[in-house]
Amino acid sequence: MRRLVIRARAKAAALTIGGMLVLSGCDPNVRDTVLGGVESASTSLLATFVAAFFESLNDPQDAPATVQLFTSDVPQFA
């Protein structure tokens, strides 16, 4: 397990350093567009995880039903 964490950190570091080297030689407009996209994606991903965490803390008894069960016969269309 520890090796997996070390490998993941090494890969993340290599990806970050490689991305910085590639973007350092780019046109400033392209670099700003890429970094803005990465920033907005990471922000929305983090917000999604935070919202999901707080949603999981809600009491399931208070949650509204999302599926309605029909017990009567459904009319057949010919």
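The values are calculated or read from the model by the stated rules, or taken from the named source; none is laboratory data. Every value quoted in this text rests on a predicted model; they were computed, and no experiment measured them. Ligands, DNA and RNA are excluded from the accessible area calculation, which covers all protein heavy atoms including side chains. Shrake-Rupley method; radii C 1.70, N 1.55, O 1.52, S 1.80 Å.
What the table shows:
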{"quantity": "Nearest-10 value in Å² for the accessible area of residue 32, using the 1.4 Å probe", "calculated": "100 Å²"}
{"quantity": "Ranking by accessible area, most exposed first, for 57, 15 with a 1.4 Å probe", "calculated": "15, 57"}
